[in-house]
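The values are calculated or read from the model by the stated rules, or taken from the named source; none is laboratory data. All values derive from a computational prediction rather than experimental measurement. Note that we place each Cβ from the backbone using ideal geometry, even for glycine, and neighbour counts take in every protein chain shown. Calculation scope for accessible area: heavy atoms of the full protein, side chains included, ligands and nucleic acids excluded. Shrake-Rupley method; radii C 1.70, N 1.55, O 1.52, S 1.80 Å.
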Amino acid sequence: MNPDFEADREYLEHKFVDPSFYDNSPGLAMPELKKHLQQCFERDRELPHVLAKATAFREVMEKVKIRISEHDWFVGIATCLEKPLNGIYIHPWLNEGFQNTFSTKELEEINMFNETCVAQLRVDYDHSVPDWDAVLSFGFSGLLKRAEEYECRHQENKELTVDKRNYFEAIYIEYQAVLHLMDRLCVEAEKFSASPRGGKMYFALRQLRDGAATDTYEALLQIWLYFQLSEFVDSIQTRSFGNLDRILYPYYRRDIDSGRYTEEDIRGFFRSFMYQSTAMHYAVGHPFYFGGTNADGSSAINELSYLILDEYDKMGIYDPKLQIKVSENTPVDFVDKALNMIRHGHNSIVFVGEPCIMRAMQKQGYSDAEARTADIKGCYEYCVRGETVETAPVTVNTAKVIGLILHNGIEPISGKKLGLETGIPEDFSSFDQFYDAFLQQIFYLYDKIMGYSERLENQLDQFNPAPMLSGTFQSSLERGEDGYARGARYNNSNLWICGPATATDSLMMIKRWVFERKLLTLRELAVMLDCDWSGYESWRMKLLHDPEKFGNNLDEPDRIAKNFTEAIARRYHGKPNGRGGVYTVSLHSSNRFFEWAGKVEATPDGRRRGDELNKNMSATQGAAAKGATALIASVLKLDSTLFMADYSVDVMLHPSEVNGDSGLFAIRAILMTYVKKFGHAIHFNVMDPVILREAQREPDKFRDLQVRICGWNVLWNSMPKREQDAYIFQAEKRSR
């Protein structure tokens, strides 16, 4: 049952990245499949989008190349190489939607916001999680039958409108198509059924074709199949494999107790399952989470939790990305096991504070049970399990707001008017006036982009209908409405705040050097920033090394950070979003801290254009001079209940700080202090700058070196040099 994993690893390394991998497999090659789909698109132009997409999904299920091998416990479906419906169906519908929704002038403004990185508007299908309990308990055929039963109820109640009929018809088409694919997979698996692994896979596929999973392997295979089909065919990202130790524990326990599988067998299944994610080299990673709290107050961590974490550690992989729900009831030895992994260079773990989640959700009106069982998804966001469709359509770059004020609403790089006219710099006689202008600009940007977003978000089910996801939600079936319309019980939209510490430090430098010390004028400062500090290096050094920065547990900068981020949250948190849900506010920057850096002009904190913005709610790189404890103290001054979308901090530690028993105690103390004081998410990078520089010089010797970036994990060698340099700079600051 457990052949040499190294042979499997070599096979999997080609499965997701090599176009020739499927050359000899049944089905159409991707160019031919896309050509066929284009013909289907033209043929079905008059169909409602939900039916046209479902029909295209069926065509893929019937014609896509598939592959099964004795070196793989999981099936291969050629759509993993690309998402064929995106370019043919979804992007044209989305482009058409933009053209029909906005005027030419509005489109120009939206494009300028996006291009200059002042703010971002996007249509987002990347933050949803299916009801995994339903997927596993019903299976594909059971989900299909359940949808049929709900349609009958709507029919009996005389509520079956044309739109509802189309909604149910699309679910039928897609789930029947999945069953057809299962038939194709069974035919392929039967060719290997004489071997131990092939026989097990054939039996499992037959079981999942007609029913629900009965053991650990079948459950993992069910999860993998759903993920592949949703992510790469239906083009709805599956942003978590779920609470794996909880949902799989009953299968594991039955397998062990009955003797169906040994512990080593199950370890082998998890090795193969987790390495699928690693081999995909997917930019944002594939999360799942551990733990939580049972109804009786006990921790949900169990023996399967330890097994999974142990295998992950042995493999030395960086994807899937692991999330651990932590509270005071989480076993200390489990926390220590994860912390030890981090201390030894396995940085791909994030800890999520359960007290924060429960307090924030209960304050918003969610039930105790909903808060206790909330799913962790994406980078570290949380939502009601099995009943939520969330989006993240709006981001405002607070670091660029400084430039708008210094140029009276003009974006300084493009010269375009993208902000409010808050007055010329010479007219500000106090920092309070400048700060008021800062808030005015921020509110203007959010109000503007949210207005655009609301006009798009009520069409999400038209741009990219989600029959497969909707079929897992009971609430969606009850309402007869797509999950991305108002079918989910909770339909929240996250507002992201980008660069809050960079903005805070910039405001502090203006306060200190312009208005308190009066050694600079705003006009002089604007000139320095416009030329990216060229010719003003001495001034840049003064501002860069000024110690009054966020992340050092200092009153003034921490107060500024708290005041303006909470002002944003109080204005928008809980406000209706236009699609039956509410807005929530996030202190998460995702990859924008480096992707947007080149579009952000020099800032008053001494940063040059192109240098990174701060990550999440962490300090600006190199600014947290007083260590991790001071950084945590600064972050915890914010009210985490106001940032229900997420609220996270990245902590850099030098290996010398966490060595030995005392080092383990220290890092655990940081973690548990953060959790007990209602911090949301925290992850650690333990890095030695000497090692990082050596890895930069000789990358082949450090192919497995990992770095945790905001909400996902990457290999050091995959990062651009400029980004590597930023981490080295931060690590060197920690070593002093």
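Let's see how each residue does on (1) open to solvent by 40 Å² or more (accessible area, probe 1.4 Å); (2) in contact (Cβ under 8 Å) with a residue 12 or more places away in the chain:
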{"position": "114", "(1), (2)": "yes, no"}
{"position": "122", "(1), (2)": "yes, yes"}
{"position": "129", "(1), (2)": "no, yes"}
{"position": "138", "(1), (2)": "yes, yes"}
{"position": "149", "(1), (2)": "yes, no"}
{"position": "167", "(1), (2)": "no, yes"}
{"position": "179", "(1), (2)": "no, yes"}
remark   = Considering residues that are surrounded by 14 or more Cβ atoms within 10 Å (Cβ to Cβ) and either in contact with a Leu (Cβ under 7 Å, 6 or more places away or on another chain) or among the polar types (S, T, N, Q) (or both), the number found within segment 99-112 is 3
task = Return only the number of the condition from (1) modelled with pLDDT of 95 or more; (2) part of a helix (DSSP H, G or I) that residue 198 does not satisfy.
result = (1)
Those residues of segment 642-651 which are open to solvent by less than 10 Å² (accessible area, probe 1.4 Å) and not in a loop (DSSP other than H, G, I, E, B), in sequence order = 646, 647, 648, 649, 651
request  = Out of 203, 192, 227, report the one residue that is part of a helix (DSSP H, G or I), open to solvent by 10 Å² or more (accessible area, probe 1.4 Å) and either under 21 Å from residue 268 (Cβ atoms) or in contact with a helix residue (DSSP H, G or I) (Cβ under 6 Å, 6 or more places away or on another chain) (or both).
outcome  = 203
Within segment 207-216, tally of residues that are touching an Asp or Glu at 6+ places or on another chain (Cβ under 8 Å), part of a helix (DSSP H, G or I) and touching a residue at least 12 places away in the same chain (Cβ under 8 Å) = 3
ask   = How many of the residues in segment 361-377 are among the small types (Gly, Ala, Ser), open to solvent by less than 10 Å² (accessible area, probe 1.4 Å) and out of contact with any strand residue (DSSP E or B) (no Cβ under 7 Å at 6 or more places or on another chain)?
value = 1
key: Residues being open to solvent by 10 Å² or more (accessible area, probe 1.4 Å), among the basic types (Lys, Arg) and under 15 Å from residue 230 (Cα atoms) - total across segment 52-93   = 2
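Mind checking whether some residue in segment 72-80 is in contact with a strand residue (DSSP E or B) (Cβ under 7 Å, 6 or more places away or on another chain), over 30 Å from residue 599 (Cα atoms) and in a loop (DSSP other than H, G, I, E, B)?
yes
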message = With the requirement that a residue be on the phi > 0 side of the Ramachandran plot, touching a Cys at 6+ places or on another chain (Cβ under 8 Å) and surrounded by fewer than 24 Cβ atoms within 10 Å (Cβ to Cβ), what does segment 565-624 give you?
response = 590
message = I'm told residue 251 meets every condition in (1) in contact (Cβ under 8 Å) with a residue 60 or more places away in the chain; (2) in a helix (DSSP H, G or I); (3) aromatic (Phe, Trp, Tyr); (4) out of contact with any Pro (no Cβ under 8 Å at 6 or more places or on another chain) except one. Can you identify the failing condition by its number?
response = (1)
request  = May I ask you to list pairs of residues, at least six apart or on different chains, whose Cβ atoms are under 9 Å apart, with the first in segment 37-49 being more than 25 Å from residue 481 (Cα to Cα) and the second being of a type in the set (A, V, I, L, M) and open to solvent by 80 Å² or more (accessible area, probe 1.4 Å)?
outcome  = none
ask   = What are the pairs, 6+ residues apart or on separate chains, where a residue within segment 577-590 that is among the aliphatic types (A, V, I, L, M) has its Cβ under 7 Å from a residue that is part of a loop (DSSP other than H, G, I, E, B) and open to solvent by 10 Å² or more (accessible area, probe 1.4 Å)?
value = 582/574; 582/575; 585/573
key: Residue satisfying condition, being at pLDDT 95 or above, in contact with a Leu (Cβ under 9 Å, 6 or more places away or on another chain) and buried (at least 22 other Cβ atoms within 10 Å of the Cβ), within set 334, 351   = 351
